[in-house]
1. On the protein heavy atoms, probe 1.4 angstrom, tell me the percent of accessible surface of the range 1-115 carried by carbon and sulfur.
2. Accessible area of Thr403, 1.4 Å probe, to the nearest 10 Å²?
3. Can you give the accessible area per residue of the range 61-149, in Å², using a 1.4 Å probe?
4. Quick one: of Lys65/Lys391; Lys15/Lys154; Lys65/Lys188; Lys15/Lys193, which pairs are farther than 29 Å apart, Cα to Cα?
5. Any chance you could check the Cα centroid distance between the range 311-343 and the range 67-106 for me, in angstrom?
6. Can you compute 3J(HN,Hα) from phi for each residue in the range 31-42, using the Karplus curve 6.51 cos²θ - 1.76 cosθ + 1.60 with θ = phi - 60°, rounded to whole Hz and x for Gly and Pro?
Amino acid sequence: MSIRWCVYLSDEYEKSYLVSNFQQILLSLPNYEQLEVQKFIYEEDRLKSLLSRVLQRLAVSYILKIPYNEVKIDRTAWNKPYCSNQKPHWAPNLNFNVSHEGDVVALAAESVLIVGIDVVAPLCRRKGPPVNAALHIERLRCSFSSFEMDEFAKASSQDNSDDNDINFARDQSITNLERCFQRFWSLKEAFAKLRGDGLGLSPLSRACFGRPLASRIHTYTARVARADQWKEKDAIEEVEASVRDTRNGEEEKKCWGDEEEKSKARGKNKAKEEIDCRETEKSRKGKHEESLGSEIQNELLSIFQITGSKMESATVSLDGVFIPEVTFRIHWLPMGYCVALALGPPSLIVDPITKGFKTSCQKPQLSPMEVETAQLESKNGSQMFQMLSIKMILRMMKQRGATIEYLNE
């Protein structure tokens, strides 16, 4: 199962509603997390820190099917939060990652693969004095590879041309150069957060990003084509076997008649066995997998799905070595926000001191086929981000068992 959530605080009503319920929401967190939230000097930082911690607990509560108050979250030596609850078979490597910048807080959660996420706001929506994109890139030059600097040069030369590729997701004032910066910076941060070492991946120029190449990774289209070929081959073999076993005349009719009767009998027995098997499976699993999807659908009625978000993909090389088992998705959200997701196996986790994050994974070693399957399921299962309102988050908390009485309906 995958979760993609985002919250916008650019709306004054949403922000004021969160402020008026700040204390009630804060009390739903453990004491040590309450102190961490209150350490921030500026109100905006406190609000985003509070939201990120609440979203983490809600995601774990939904996927593990446990009450909100029973969620356990620890942190690595690099301060990366992770779930320390016992993992069930349907989510052996449950993990999440949160990022916030500007007016957006975003969360991604995965059941099998490890996820990293990063939000990069357009420069016009960041705090502080206006910054020129070219100057901003120059200040961070040591974080980019020579290839990425060449890409910046190309983007800068195209700023006078029309680019309709992602106009739906950006302000007209955002240049090609700035969008190129958003892509590369969010990818680097997401990759570092997937690994878990954060600033340990230094300099960031060690990770070089490019567009996917068909010769280096298997695309979804290729996998579908292979599957179609296999189906066609199986169908041909089935027909050939049927022809070989066919008899002529009355014997053939009798054979098919008898076979039809037997097939009907077998079908009834098989249907009954499948029903019994499903009921047994539901009882054993506590009806988890069947009820979880419908429960989320019922509880998230007021969620707006960002169907217009444009997705791109990328590949990465670390210290000159291509890493095919990591996939990246770039989402362009409203108001020019860029969100990058990195997905990879638990073997990429860097946690040399506490080792708590890696040991919390019930399936730390995944085969290449398992990685590819999980990546495809994640891509098909939840491509778009869902926008949550503050009221919806409060209702979700209460439905998941959080002891909270929110105000100012």
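1. Numbers: 2190 of 4240 Å².
Roughly 52 percent of what the probe reaches on the range 1-115 is carbon or sulfur.
2. About 100 Å², ignoring ligands and nucleic acids.
3. Numbers: 3520 Å² over 89 residues.
I get 40 Å² per residue for the range 61-149.
4. On the way: Lys65/Lys391 22 Å; Lys15/Lys154 39 Å; Lys65/Lys188 33 Å; Lys15/Lys193 27 Å.
Result: Lys15/Lys154; Lys65/Lys188 exceed 29 Å.
5. The range 311-343 and the range 67-106 have Cα centres separated by 21 Å.
6. Residue by residue, the range 31-42 yields 4, 5, 6, 4, 5, 5, 5, 6, 5, 5, 6, 8 Hz.
The values are calculated or read from the model by the stated rules, or taken from the named source; none is laboratory data. If you're wondering where the values come from, they're calculated on a predicted model, not measured in any experiment. Accessible surface areas use protein heavy atoms only, side chains included; no ligands, DNA or RNA. Shrake-Rupley method; radii C 1.70, N 1.55, O 1.52, S 1.80 Å.
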